[in-house]
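The numbers here are math on the coordinates, done by the rules we state, and not lab data. Everything numeric here is computed off the predicted structure, so don't read it as measured data. Please note: Cβ atoms are built from the backbone with ideal geometry, for glycine as well, and neighbour counts cover all protein chains shown.
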Amino acid sequence: MKYFTPERLARLQDHSDERQFLAALDEWERVLQDYWHQLNEIQQRLRVIQPPLPKRLQEFLIFFTTVSLHDARILDMYFGSRSRFRITLHPEFQPESLVVLTYHLDEPPQIQANVLPEQLLSQPISWLYDEVTLEDNKSRCEPLFRHSILLSDGREVGLCFRDVTIERPTPIVPAIAKDHGSP
């Protein structure tokens, strides 16, 4: 990750020195603005690509610029046959539904373990931060994207993809049981 690095997240979580914490917070805000600027540049570059992006990729870019998956619980994540990678999430912002992302990968997923300090690790596994970038792809006419996802268990997942689908199913049986207290 270029913007929301594990090191920046660790500095932001350290409240032992107020001056250092405020500097980390200022840096985080600056990086957030830089990331949104980068996303706007990607959207401008994509407007000139011929032919236009497939509808699913347009929906993906709109989804990730308008919906936050921060703190969504990861229900499953796996690499299937034919270069497919699927993530099922239970978003904190909309607990009555799920988000299922199915990526059509151009290369195997890159998974780095232990990128977060131990004191920042948490369970159950949740989606902390993510970044979407446009890959330089001179050998093909279709655009390639990289989605980097930082998870609360200390892993960073990197996905280089050419297509993605987003589903928003409503679970019939709740994905996460609600705590109704003990009798």
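Among the listed residues Phe161, Phe85, Phe145, which satisfies the condition of being in a strand (DSSP E or B), surrounded by 18 or more Cβ atoms within 10 Å (Cβ to Cβ) and touching a Cys at 6+ places or on another chain (Cβ under 8 Å)? Let's see the steps before the verdict.
Details: Phe161 fails: touching a Cys at 6+ places or on another chain (Cβ under 8 Å); Phe85 fails: touching a Cys at 6+ places or on another chain (Cβ under 8 Å).
When all the criteria are applied, what remains is Phe145.
What is the residue count in segment 100-121 for residues that are without any contact (Cβ under 8 Å) to a residue 60 or more places away in the chain, farther than 23 Å from Leu134 by Cβ and not in a loop (DSSP other than H, G, I, E, B)?
Start the filter on segment 100-121 by keeping residues that are without any contact (Cβ under 8 Å) to a residue 60 or more places away in the chain, which leaves 105-114, 118, 121.
Those left that are additionally farther than 23 Å from Leu134 by Cβ: 113-114, 118, 121.
With not in a loop (DSSP other than H, G, I, E, B) added as a condition, the list becomes 118.
Counting residues in segment 100-121 that are without any contact (Cβ under 8 Å) to a residue 60 or more places away in the chain, farther than 23 Å from Leu134 by Cβ and not in a loop (DSSP other than H, G, I, E, B) gives 1.
So which of Leu22, Leu57 ends up being aliphatic (A, V, I, L, M) and either in contact with a Gly (Cβ under 6 Å, 6 or more places away or on another chain) or surrounded by fewer than 11 Cβ atoms within 10 Å (Cβ to Cβ) (or both)?
The conditions single out Leu22.
Within segment 1-41, take every residue that is touching a helix residue (DSSP H, G or I) at 6+ places or on another chain (Cβ under 9 Å) and basic (Lys, Arg) and give me the one that is farthest from His147 (Cα to Cα).
Once the filter is applied, the top-ranked residue is Arg11.
Would you please list the contacts, defined by Cβ atoms under 8 Å and residues six or more apart or on different chains, that run from a residue in segment 19-48 that is over 14 Å from Glu131 (Cβ atoms) to a residue that is surrounded by fewer than 13 Cβ atoms within 10 Å (Cβ to Cβ)?
Hits for this filter: Phe21/His15.
Taking only pairs six or more apart or across chains, which ones have beta-carbon atoms under 8 Å, a first residue in segment 6-17 that is under 17 Å from Trp127 (Cα atoms), and a second residue that is surrounded by 15 or more Cβ atoms within 10 Å (Cβ to Cβ) and hydroxyl-bearing (Ser, Thr, Tyr)?
Matching pairs, first to second residue: Leu9/Tyr129.
Given the options Phe63, Phe79, name the one that is aromatic (Phe, Trp, Tyr), farther than 17 Å from Tyr129 by Cα and out of contact with any Cys (no Cβ under 7 Å at 6 or more places or on another chain).
Details: Phe63 fails: farther than 17 Å from Tyr129 by Cα.
Among Phe63, Phe79, only Phe79 is aromatic (Phe, Trp, Tyr), farther than 17 Å from Tyr129 by Cα and out of contact with any Cys (no Cβ under 7 Å at 6 or more places or on another chain).
Can you tell me which residue among Gln44, Gln94, Gln58, Gln119 is more than 19 Å from Ser148 (Cβ to Cβ), in contact with a helix residue (DSSP H, G or I) (Cβ under 8 Å, 6 or more places away or on another chain) and not acidic (Asp, Glu)? Let's see the steps before the verdict.
On the way: Gln44 fails: in contact with a helix residue (DSSP H, G or I) (Cβ under 8 Å, 6 or more places away or on another chain); Gln94 fails: in contact with a helix residue (DSSP H, G or I) (Cβ under 8 Å, 6 or more places away or on another chain); Gln58 fails: in contact with a helix residue (DSSP H, G or I) (Cβ under 8 Å, 6 or more places away or on another chain).
None of the others qualify; the one that does is Gln119.
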